[in-house]
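Here's the structure, in structure tokens; my notes come after.
The values are calculated or read from the model by the stated rules, or taken from the named source; none is laboratory data. No experiment lies behind these values; they were computed from the predicted model shown. No Cβ is skipped: glycine too gets one built from the backbone with ideal geometry, and neighbour counts run over all protein chains shown.
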């Protein structure tokens, strides 16, 4: 009794298989099928290798590197949030120009306020970098954006220690990624 016809997996022609596991019509299609299968397996291995490498890289990321990553997302959020508000110190328009996320209390000297939104606003490069953050004007204008109670909090807590676990940092990264996405969708 002859077996039923099958469609070749490669050329799609009908053929009579020699056994029930045969999926191609002949040796040429078998070579093509093996080549395609090998390419698919190679691609899947590359994808898995990338995932493994990324996982290893994340595993080896130091707390300082996590903080720097958080700083990147925090600063991006501040820049997007304040783009239409002008420089916190001099009022210069920030649209269509390079500008920074300038901290009222310096992040290096007062790390507790490093990621505090009331301590950081869009600031032109001239004020932030060339005028030492233009602190006097910053202090005069900050009350236009935050309440006196918030300013008092910043003043009172600038010396506190910032102690974040890596998991807390990761949570904040996700928070700021979401805040950025929300602002960009407005």
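Here are a few things to note about the model shown:
- On inspection, residue 171 fails the criterion of being farther than 18 Å from residue 73 by Cα and outside any loop (DSSP other than H, G, I, E, B).
- Number of positions in the stretch 127-168 that are within 28 Å of the chain's Cα centre (by Cα) and within 25 Å of residue 83 (Cα to Cα): 7
- Hey, residue 152 in contact with a strand residue (DSSP E or B) (Cβ under 9 Å, 6 or more places away or on another chain) and surrounded by fewer than 17 Cβ atoms within 10 Å (Cβ to Cβ) or not: no
- Each residue in the stretch 156-165 was checked for being surrounded by fewer than 13 Cβ atoms within 10 Å (Cβ to Cβ) and part of a helix (DSSP H, G or I), and 1 of them qualify.
- Residue in the stretch 104-112 that is in a helix (DSSP H, G or I) and in the same structural domain as residue 176 (by TED's automatic domain parsing) present: yes
- Residue list for the stretch 18-71, restricted to those being surrounded by 11 or more Cβ atoms within 10 Å (Cβ to Cβ) and in a loop (DSSP other than H, G, I, E, B): 22, 23, 24, 25, 26, 61
Results for (1) farther than 29 Å from residue 169 by Cβ; (2) in contact with a strand residue (DSSP E or B) (Cβ under 7 Å, 6 or more places away or on another chain), shown as yes or no for each residue.
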site: 73; (1), (2): no, no
site: 78; (1), (2): no, yes
site: 82; (1), (2): no, yes
site: 86; (1), (2): yes, no
site: 90; (1), (2): yes, yes
site: 102; (1), (2): no, yes
site: 111; (1), (2): no, no
site: 140; (1), (2): yes, no
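- In the set 144, 117, only one residue is closer than 15 Å to residue 71 by Cα, in the same structural domain as residue 174 (by TED's automatic domain parsing), at pLDDT 90 or above and surrounded by fewer than 20 Cβ atoms within 10 Å (Cβ to Cβ); that residue is 117.
- So residue 169, is it farther than 20 Å from residue 64 by Cβ and at pLDDT 95 or above: no
- Enumeration of residues in the stretch 23-62 that are modelled with pLDDT of 90 or more and within 30 Å of residue 123 (Cβ to Cβ): 62
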